[in-house]
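Here the structure comes first, spelled out in structure tokens, and everything after it is commentary.
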Amino acid sequence: MKQYYYLADNNQLGPFSLDELRTKNLTRETLVWTAGMADWLKAGDVAELNSLFTSGFGTLVEPMPPVQVQPMQTPTYQPMNAGVPQPGSAYFASTPKPKNWLVESILATIFCCLPFGVAGIVFAARVDSSYAAGDINGAMKASAEAGKWTKISFFVAITGWVLYMLFFGAAILATLNTNRY
Amino acid sequence: MKSRHWLWVPVLGLAVLYYRFDPARYSFFPPCPFRWLTGYQCAGCGSQRAAHQLLHGHITNAWQINPLLVLLLPYLVLGFFLEYGPPWSHKELLRRRLYGLTAIRIVFVGITVFWVGRNL
């Protein structure tokens, strides 16, 4: 039975079987992922999910056979490595890598709050290293931590700007006048 | 990711703001709290002024103010596109190659070295 994941407000939900997905009110625009896909796709573009969006009458139309995606590696060449999942193995392909927040953390580092941004970068590295080691739970925890530091930076930046404007409002108005060449 | 297109609105808004006003001349841009508290420059100090110079195409000026921003900005823009832009075929491969563990380590070391180096 194929297992599917989907994104709701950027949160990854799943795994669900096709029958469970029917109860989830997915739209054609919802991004879904299952083993063998290179990236998230809109549910409306995935042939095997067509039945989610067709009413009872729609089943008269024969659905297109699902496109066979070329596997990354042939399992025959895969050495049996006890415990450690290898790239391309079934385990590795079963969950997409959680967001590592690298871009957001760099932005926070150079435009707002260097310590928080650097914390985000450290957790971004942990997302990728945990995922590469097959530790999906560790990767998801690190992803949540990295995201937390981005959000903290964002709110510090906003409050910092607002406070700056409030406390130095008068001085700013004065310099605005003198600086107008 | 799912319908994050609204993110382009604040990004473009900030670009217009930093294009129109030079943070070196207008004081309504907040100063760096780290520099204000310690007197030392952080790795991001000058990024607002450098962004203004870059938006006007003055790469040399921007480089003199904050070379880190000049180096990182194209990387950030590409990363932003990969994260929030429309899906296309080589996206996942590119993200794995350019935004994976090796890249994160290089970024981390680069920022730290620059941060220390500019205060020596």
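Since every read-out is calculated from the coordinates, none of them should be taken as a lab result. It should be emphasised that the depicted structure is a prediction, and the values quoted were computed from it without experimental measurement. As a convention, Cβ positions derive from the backbone with ideal geometry for all residues, glycine included, and neighbour counts pool all protein chains shown.
Data overview
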{"item": "Separation of alpha-carbon centers, region A:1-44 and region A:93-171, rounded to whole Å", "result": "26"}
{"item": "Spatially proximal aspartates and glutamates relative to A:LYS151 (Cα-Cα < 18 Å; intrachain offsets below 8 disregarded)", "result": "A:ASP9, A:GLU104, B:GLU83"}
{"item": "Sorted by Cβ density within 10 Å, fewest first, the residues B:SER27, A:SER51", "result": "A:SER51, B:SER27"}
{"item": "Charge context of B:ASN66, other residues only, Cβ under 12 angstrom, K/R +1, D/E -1", "result": "+2"}
{"item": "Under 12 Å, Cβ to Cβ, from A:MET140 - net charge with Lys/Arg +1 and Asp/Glu -1", "result": "+2"}
{"item": "For A:107-118, mean number of other protein chain Cβ atoms within 10 Å", "result": "6"}
{"item": "Sequence ranges A:158-165, A:26-33, ranked by mean other-Cβ count within 10 angstrom, highest first", "result": "A:26-33, A:158-165"}
{"item": "Rg and Dmax of region B:1-86, Cα atoms only, in Å", "result": "14.3, 43"}
{"item": "Counted charge near B:GLN53, where neighbours are those whose Cβ lies closer than 15 Å (Asp, Glu -1; Lys, Arg +1)", "result": "+2"}
{"item": "Average beta-carbon neighbours from other chains, 10 Å sphere, peptide B:103-112", "result": "5"}
{"item": "Subset of A:LYS97/A:LYS141; A:LYS99/A:LYS148; A:LYS99/A:LYS141; A:LYS2/B:LYS91; A:LYS99/B:LYS91 violating a 18 Å alpha-carbon distance limit", "result": "A:LYS2/B:LYS91"}
{"item": "Sorted peptide list for A:123-134, B:36-47, criterion being average Cβ within 10 angstrom, highest first", "result": "A:123-134, B:36-47"}
